[in-house]
Amino acid sequence: MQVALTQRDLDYFAKNIQLNFTVLENSFFKKKLFEAEILLTNKGVKPFPPYGWEIIFSQPALVEPNSYPYPGGVEKPNYGVRFHFLMGNVYKMSPLKGFGTIRPGKSKFIRYINEHSNVAVTDVHPNWYFVSPDLEPRIIENTRGDSLDFVTPYKTPAMWKRNTNTEDPDFDIMNPFSAAKRYRVHKVEDLGAAQHLVIPTPLSIQTYNKQSAVNVLTNSWVIFAAPRLANEGKFLSDIWGMTMVLKAQDSHYIQFLEEKVELSLAGRALPIEENYELRVTPTNNIITIKASHPAGAFYAIQTLLSLIDKDGSIPETVISDGPRYKYRGVLIDVARNFHSKEKIFRYLDVMAMYKLNKLHFHLTDDEGWRLAIPGLEELTEIGASRCHDPTETKCLLPFLGSGPFSGPPGTGFYTVEDYRDILRYAAARHIEVIPEIDLPGHSHAAIKSMLARFKKMEMLNVTEATRYLLNDLQDQSDYLSVQSFADDAMNPCLRSTYTFISRVINALYAMHRDISPLRMFHFGGDEVPAGTWQKSPVCERLKLSGVTTDLKTYMVTQIANMTSLYNLDLAAWEDGITFEGKPMKRDNFPNKNIYVYAWNNVWEWGTHKHAYEFANSGYKVILTPATNLYFDHPYEPDPMESGLYWATRYSDTKKVFVTLPENLYMNADTYRSGREINICEGGNTEEDCPRLEKPDNIEGIQGSLFGELLRSQAITDYMLLPKMLALAERAWHEAYWEKETDKVKLQEGMNEDWTKFANTLGHKELARLDRLGYKYRIPPPGAIVDGKVLKTTVEFPGLGVEFSDNGGETWRWVISGETEVENGKNLILRTRSPFGTRYSRQITLFEDYNQASPSSLASLMYVAMGVNFTLLANFLNGVY
């Protein structure tokens with residue numbers, strides 16, 4: 001007889017049932033699948049029953065994809081469980097009749113098949129939890145939080161390679177870096193000091209004399225500013241504690257002069273708005289900042305703050321400077337995981353330090369709507385909250401491992417005043433906030449919120465209930481998005497969809513009006529799944545009414561017309577303004593400017609030409625190529641490194657630094673597999689590789705940090721920094737080697753410049769970030785033993801390396817080239833931050849990943865046992 005579980009029972013089992021997740025094999029049966037195992041171990045003294053509970057979890061891959069959509073669930077009778085797909089890669093695992101009791105001290109494993117691959121710890125989401133009828137859900141304790149230590153370490157190539165099939169051209173040749181490989185890859189000469197006075201590199205440094213300097217911490221320095229530059233003067237006075245005066249004194253003052261600073265780059269005049277001239281004159285103890293606009297004066301301040309040493313000394317300097325690009329941006333995604341306004345302030349501060357001027361604010365997505373829209377409270381009541389609610393009438397599902405209870409980072413939103421505070425903070429730092437409302441795809445949160453509004457009001461007022469409805473209630477279209485949503489596309493055929501969009505635009509326009517007027521509306525437009533709206537009766541009626549364009553073009557046209565009424569520019573991801581693989585006709589849209597964010601340059605996909613096609617077609621292009629400037633990808637191909645890897649296997653700081661914005665095809669280095677490639681060389685046609693005919697349409701570049709994995713401030717800092725500094729360098733400064741067409745000379749120039757930049761980070765900039773509390777990534781060291789001498793290198797010379805020969809009990813400094821170690825003794829090594837308060841992840845000296853076989857332990861066991869793989873597949877309940 002089955003006895004219902006009590007709350008006390010569920011609490012007990014959540015604490016005493018240990019769940020472990022193991023990747024058994026990628027490329028399972030040579031397909032784009034992986035096999036995983038869930039191991040449940042009873043650590044308590046009570047038997048764990050085979051009924052009365054279910055486990056809810058999320059993961060970034062479709063479970064049992066060959067059985068999707070499995071409306072009644074997919075059974076795994078050999079393991080006694082059934083998997084149910086809920087939505088957006090959230091799943092429920094339920095016991096079947098044959099599950100069996102798990103006695104104290106005993107374990108039970110469940111194996112299942114998943115789509116794609118799993119090669120890193122962060123491919124597993126935390127906070128798996130138990131549910132039982134009429135009881136409060138409970139998180140399985142050992143899966144709680146971000147440690148992910150319930151995930152079995154990835155110790156074989158079958159676990160860490162995304163494709164283990166050696167017969168496939170896409171076979172993954174990448175392995176985690178050994179200490180010796182890292183020594184070779186990141187071997188950078190230590191030049192002993194920072195090589196750049198300022199990052200990003202100024203356009204022109206006419207004078208720099210360390211033998212002559214002013215000291216702004218002695219005497220009584222004051223600040224005098226022209227009226228238009230008074231806010232910038234006040235900004236500096238607040239930092240250095242100086243008095244603002246109306247009239248300059250004889251000496252010891254900083255003057256802000258409103259004057260034009262005309263500069264040119266490669267024969268092209270730079271817009272004057274952000275140009276400045278900085279003069280530090282020790283002979284009369286005067287610092288002069290000249291700029292015609294406040295932004296230029298602000299950037300002069302950032303240069304001054306970079307030049308000052310800890311004692312307040314600033315050398316004699318003359319700098320004339322301005323940026324190569326108008327648009328120097330960072331995308332921060334708060335839709336997937338929420339970040340408070342105070343955290344956004346921190347990122348605005350560090351952006352301002354390095355003269356970045358656009359915050360692309362990804363406010364909405366399937367997993368969350370993060371901005372209050374007056375009159376549409378359901379958007380934040382439901383769309384900004386995640387919890388255990390399979391009906392999604394009170395909150396969204398617990399996507400991305402956010403767990404069963406509402407709370408950060410899954411839950412949260414900005415009130416109107418919060419958002420306006422962010423606008424004020426950004427405007428004071430000359431950063432434009434570009435809000436993105438992602439539609440028509442990526443709209444699960446909005447659709448569910450407006451559906452809840454409809455259900456709440458339909459019995460009271462049907463007209464009002466349907467006013468903002470975003471989905472056709474009779475639509476039977478069958479589709480699945482990249483993120484496994486089957487209901488995330490706003491319907492372009494509903495009048496209410498445009499009523500909703502208009503309401504949102506109007507709200508944004510009002511929020512920005514008196515602080516930083518809204519200049520563009522970014523509607524996203526990306527990744528609309530195939531099959532959307534095909535069985536929508538409303539869309540059928542629209543087509544019968546005479547609409548001849550495809551529905552995507554129809555929707556973009558409607559949004560363009562709406563935004564033009566506000567005199568707004570329009571912005572979208574490249575696929576939002578693409579039809580049948582080509583840019584939509586620019587003349588279709590009335591907006592003065594349309595900004596296309598070009599991201600899709602994945603070399604395997606043949607999409608590398610899109611950015612130049614858009615620029616040549618008259619669109620303004622923001623370059624954010626995923627292979628180089630997607631900051632959500634890992635720094636190394638290591639299972640312990642956080643990040644996604646769909647565009648490139650890894651992307652480190654150097655890869656950001658060597659990005660060629662106006663020579664995109666030369667960015668091609670390797671496929672995701674690690675194989676070297678050559679794009680647009682030899683026999684390629686103009687159709688394959690169009691030239692950039694209108695370089696003035698390249699408006700700038702952006703680093704994009706999407707938020708699926710950003711569950712804490714620490715991991716956000718880690719993924720953003722120090723990559724963001726390399727982005728700032730490329731966005732502001734055009735390097736001498738960028739136009740080089742000879743690959744050998746190009747590589748020589750890149751390496752020479754990188755050595756100087758890396759030394760500047762290690763000897764100067766990382767210490768600045770430390771002082772301000774940013775938890776940037778500290779790179780692990782590389783190391784070899786030459787005879788008995790331990791030789792080490794680190795990606796950013798100036799950082800120290802420590803080693804331990806007793807398992808980490810004690811640590812000693814490595815003096816490279818002098819430290820002797822015992823032959824054959826394995827050591828643990830780590831890199832130390834400038835102030836010795838933080839460390840890199842630890843590595844071992846002699847672990848050589850390249851010697852491992854790509855075959856999994858499971859596969860080797862099957863072969864040794866003579867197992868028939870067809871029968872095995874049937875045993876695992878599916879022919880793959």
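Tabulated data
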{"item": "Estimated FRET transfer efficiency when R0 is 56 angstrom, pair SER264-VAL462 (beta carbons, to 0.05)", "result": "0.30"}
{"item": "Calculated SAXS-style log₁₀ I(q)/I(0) at q = 0.11, 0.19 Å⁻¹ - region 452-605, Debye, Cα scatterers", "result": "-0.50, -1.35"}
{"item": "Dipole of region 612-705, positive direction: furthest Cα of PHE631, LEU664, VAL621, with charges on the beta-carbon", "result": "PHE631"}
{"item": "In range of the label at GLU540: residues from region 488-524 whose backbone nitrogen is under 18 Å from the point 7 Å along Cα→Cβ", "result": "491-495"}
{"item": "Local net charge near ARG812, Cβ-Cβ under 9 Å (Lys/Arg +1, Asp/Glu -1)", "result": "-2"}
{"item": "Spin-label zone in region 86-110 - amide nitrogen under 19 Å from a point set 7 Å from the Cα of GLN2 along the C-beta vector", "result": "92-103"}
{"item": "Value of Rg/Rh across region 440-486 [Cα atoms, Kirkwood radius]", "result": "1.03"}
{"item": "Where Rh is the Kirkwood radius over Cα pairs, Rg/Rh for region 524-668", "result": "1.05"}
{"item": "Label-point gap, in nm, between ASP389 and THR755 - each point 7 angstrom along Cα→Cβ", "result": "6.0 nm"}
{"item": "With all protein chains modelled, accessible area of VAL81 [1.4 Å, Å²]", "result": "0 Å²"}
{"item": "DSSP beta bridge pairing in the chain, given as percent antiparallel to the nearest 5", "result": "60 percent"}
{"item": "Extended-chain gain in nm, criterion 0.36 nm per residue less alpha-carbon gap, THR685 and ARG771", "result": "25.8 nm"}
{"item": "Calculated log₁₀ intensity ratio I(q)/I(0) where the Debye formula runs over C-alpha points of region 537-591, q = 0.19, 0.25 Å⁻¹", "result": "-0.72, -1.03"}
{"item": "Where N is the number of residues in region 1-43, Cα Rg divided by 2.2 N^0.38 Å", "result": "1.77"}
{"item": "Kirkwood Rh in Å, taken over all unlike Cα pairs in region 38-143", "result": "14.6 Å"}
{"item": "Neighbourhood net charge (15 Å Cβ-Cβ; Lys/Arg +1, Asp/Glu -1) for LEU570", "result": "-2"}
{"item": "Ratio Rg/Rh, restricted to region 149-276 and using Cα atoms, in which Rh is the Kirkwood radius", "result": "1.25"}
{"item": "Scattering profile of the chain at q = 0.05, 0.10 Å⁻¹ [log10 I(q)/I(0), Debye over alpha-carbon scatterers]", "result": "-0.31, -1.24"}
{"item": "Heavy atoms of TRP754: accessible area, 1.4 Å probe, square angstrom to 10", "result": "10 Å²"}
{"item": "Sequence ranges 828-836, 565-573, 234-242, ranked by mean other-Cβ count within 10 angstrom, highest first", "result": "565-573, 828-836, 234-242"}
{"item": "Histogram of C-alpha separations across region 562-611, 5 Å bin width, %", "result": "5, 20, 27, 22, 13, 8, 4, 1, 0"}
{"item": "Heavy-atom SASA rank of MET93, MET174 (probe 1.4 Å, accessible area, largest first)", "result": "MET174, MET93"}
{"item": "Å² per residue, accessible surface of the chain at 1.4 Å", "result": "39 Å²"}
{"item": "Added length on full extension, which subtracts the Cα-Cα distance from 0.36 nm per residue, ILE828 to ASP238", "result": "207.9 nm"}
{"item": "Rounded FRET efficiency, nearest 0.05, which uses the C-beta distance separating LEU96 from GLN206 and R0 of 60 Å", "result": "0.15"}
{"item": "Heavy atoms of LYS290 accessible to a 1.4 Å probe, total area in Å² rounded to 10", "result": "50 Å²"}
{"item": "Estimated FRET transfer efficiency when R0 is 30 angstrom, pair ASN506-ASP696 (beta carbons, to 0.05)", "result": "0.35"}
{"item": "In nm, spacing of pseudo-spin labels at ALA248 and TYR736 (7 Å Cα→C-beta vector)", "result": "3.4 nm"}
{"item": "Diffusion constant of region 771-838 at 10 °C, which comes from Stokes-Einstein with the Kirkwood Cα-pair radius and 1.306 mPa s, µm²/s", "result": "125 µm²/s"}
{"item": "Gain upon complete extension [THR670, VAL318; 0.36 nm per residue less C-alpha separation]", "result": "122.5 nm"}
{"item": "Lysine-lysine proximity count for region 664-760, Cα under 22 Å, sequence distance 8 or more or distinct chains", "result": "5"}
{"item": "For region 385-536, diffusion coefficient by Stokes-Einstein and Kirkwood Rh (Cα), 4 °C, 1.567 mPa s, µm²/s", "result": "76 µm²/s"}
{"item": "For region 330-412, average projected area of the Cα convex hull in nm²", "result": "5.7 nm²"}
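The values are calculated or read from the model by the stated rules, or taken from the named source; none is laboratory data. Given the structure is predicted, the values throughout are model-derived calculations rather than measurements. Here Cβ is always computed from backbone atoms with ideal geometry, including for glycine, and neighbour counts include all displayed protein chains. What goes into the accessible areas is simple: the full protein's heavy atoms, side chains included, and nothing from ligands, DNA or RNA. Shrake-Rupley method; radii C 1.70, N 1.55, O 1.52, S 1.80 Å.
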